[in-house]
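The values are calculated or read from the model by the stated rules, or taken from the named source; none is laboratory data. Fair warning: this is a prediction, and the values are worked out from it, not measured in the lab. So basically every Cβ, Gly included, is an ideal-geometry build from the backbone, and we count neighbours across all protein chains shown.
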């Protein structure tokens, strides 16, 4: 039961991280586009309009250095976001994996014949492979379609007879 609660919490946390990191990534891209366009405007004004190097609070080389540093910070943050989100996804995948089964300290490997059949009645036979492994052979004894057809036909006859008997008694009482 604790695994289900943990998995639910991890799913909620994963969704929260996905939304948060998606929003921050969009913000980083927007800020990057704005800064690059600002640097293009500064370059245009310095070299084409000949305003000079210091008209935009910082000289041109400082703007380029600032944009380069911010690019580096954004890339590092995006990598951190990616690896953190991936680690949460890996924890969820790890919880969803089936746990290995052990009997008497030996790992159980299961083989079902016929393969892929669900439902029905199976016999189980255990075969020792070595001192660390056991094979559980599951053989289909009664297929699910035979099992359900027998069960439903038996229920239908029982359900019909008492209801018919009760309705005839009720009709006699009404008369």
Unmet requirement for residue 51, which otherwise passes all of (1) surrounded by 13 or more Cβ atoms within 10 Å (Cβ to Cβ); (2) in a helix (DSSP H, G or I); (3) free of Cβ contacts under 8 Å to residues at least 24 places away in the same chain: (2)
State whether one or more residues within the stretch 25-46 are part of a loop (DSSP other than H, G, I, E, B), touching a helix residue (DSSP H, G or I) at 6+ places or on another chain (Cβ under 9 Å) and surrounded by 11 or more Cβ atoms within 10 Å (Cβ to Cβ). no
Give just the number: which of (1) at pLDDT 90 or above; (2) closer than 30 Å to residue 137 by Cβ does residue 103 not satisfy? (1)
Can you work out which of the residues in the stretch 94-127 that are loosely packed, with under 11 Cβ neighbours inside 10 Å and over 30 Å from residue 145 (Cβ atoms) is farthest from the chain's Cα centre (by Cα)? 104
List every residue pair whose Cβ atoms lie under 7 Å apart, where the two residues are 6 or more positions apart in sequence or sit on different chains, the first residue falls within the stretch 120-133 and is farther than 13 Å from residue 104 by Cβ and in the same structural domain as residue 105 (by TED's automatic domain parsing), and the second residue, located anywhere, is assigned to a loop (DSSP other than H, G, I, E, B) and modelled with pLDDT under 90. 120/143
Does the stretch 84-93 contain at least one residue that is surrounded by 11 or more Cβ atoms within 10 Å (Cβ to Cβ), under 31 Å from the mean Cα position of the chain (by Cα), closer than 30 Å to residue 129 by Cβ and modelled with pLDDT under 90? no
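I'm trying to understand the selection: among the residues of the stretch 77-108, which are touching a strand residue (DSSP E or B) at 6+ places or on another chain (Cβ under 7 Å) and closer than 30 Å to residue 11 by Cβ? Break it down into steps so the answer makes sense when it comes.
Narrowing the stretch 77-108 to residues touching a strand residue (DSSP E or B) at 6+ places or on another chain (Cβ under 7 Å): 100-103, 106-108.
Correct list: 100, 101, 102, 107, 108.
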Name the single residue, out of those in the stretch 59-83 being touching a helix residue (DSSP H, G or I) at 6+ places or on another chain (Cβ under 7 Å) and more than 30 Å from residue 17 (Cα to Cα), that is surrounded by the fewest Cβ atoms within 10 Å (Cβ to Cβ). 64
